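What follows is a short report on a single structure.
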Amino acid sequence: MTHIIFSDYRNPAAEEAYEIAWDFLVRTGAIHEEFDACVFLAQRITVMVEEGQTNRIRMANRAISEYQRHIDESDDVIRAGGRRAGRH
């Protein structure tokens, strides 16, 4: 499995956070679509950099949690036949 390399010139810890998050998600089998996961993690970590976050572990953990929540919500929509739960 290959993935897109992510780097943010404003914060070197962002690249490390991305790699930590990516490695964890690969090892746990959480990645459904590789490209989508790359984009999702890069976007979330970029937002954290813009918020002033500098701790690579904190960024990685938050990106992992947000990705897992995103996947869970996507699975719920699929189980609901394409509708968000609670909507008709």
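The values are calculated or read from the model by the stated rules, or taken from the named source; none is laboratory data. Source: prediction; values computed, not measured. All Cβ positions, even for glycine, are placed from backbone atoms using ideal geometry, and neighbour counts span all protein chains on display. For the accessible areas, the whole protein counts, side chains as well, though only heavy atoms, and no ligand, DNA or RNA atoms are used. Shrake-Rupley method; radii C 1.70, N 1.55, O 1.52, S 1.80 Å.
Quick notes
- Residue-normalised accessible area of the stretch 1-76, expressed per residue, 1.4 Å probe, Å²: 60 Å²
- Peptides 57-69, 22-34 ordered by average Cβ neighbours within 10 Å, highest first: 57-69, 22-34
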